1. In the range 100-111, how many are closer than 23 Å to ALA44 by Cβ, open to solvent by 20 Å² or more (accessible area, probe 1.4 Å) and assigned to a strand (DSSP E or B)?
2. Kindly check whether there is at least one residue in the range 121-128 that is of a type in the set (Asp, Glu), at pLDDT 85 or above and open to solvent by 50 Å² or more (accessible area, probe 1.4 Å).
3. Taking the stated definitions as given, is ALA40 in contact with a helix residue (DSSP H, G or I) (Cβ under 7 Å, 6 or more places away or on another chain) and either open to solvent by less than 20 Å² (accessible area, probe 1.4 Å) or modelled with pLDDT of 95 or more (or both)?
4. If I go through the range 51-84 residue by residue, how many of them are hydrophobic (A, V, I, L, M, F, W, C), touching a strand residue (DSSP E or B) at 6+ places or on another chain (Cβ under 8 Å) and crowded, with 19+ Cβ neighbours inside 10 Å?
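The values are calculated or read from the model by the stated rules, or taken from the named source; none is laboratory data. Computed from a predicted structure; not experimentally measured. So basically every Cβ, Gly included, is an ideal-geometry build from the backbone, and we count neighbours across all protein chains shown. Surface areas here come from the heavy atoms of the whole protein model, side chains and all, with no ligands, DNA or RNA. Shrake-Rupley method; radii C 1.70, N 1.55, O 1.52, S 1.80 Å.
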Amino acid sequence: MIIKTIGEILGQRPFFSLAPGETLRMAATRMAEANVGALAVVEAGRLVGILSERDIVRRAVAQGMAPDSVTVAQAMTPDPVTITVDDPVSDALAAKLGDAFRHLPVLRDGQVVGVVSYRDIPAEYLMLFERFREMSGAHADDTP
């Protein structure tokens, strides 16, 4: 099967989220239980951020903050870049997945339904996209 959309990558996998007022310890526990590297942060049914393992380590633990008292809102990335279930895989890569971001929240009709990870993108797409970027950069260098 050729994967064409983000929705096809997500498939039927469960969606995990948390509230901005939860502690980082609760978030880390949920990530470990779900075996995921990032969680969507949802408040009143609306996506307000994303929290990754890197956020926990870099924005809290490495700064000497206690995971039992720091909230998700204090360490999350607010208003993250998103993609939709109908977007092609190339749109995730064009949105800097793998460069600026390792995880992107996925929306359906404005509601978050999942998180796609750089690891989820099939290797052949990554190779094609990298080749495209290399070729685009070479052509840009050719212009006077």
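1. So the answer is 4.
2. no
3. no
4. Residues that pass the stated criteria total 6.
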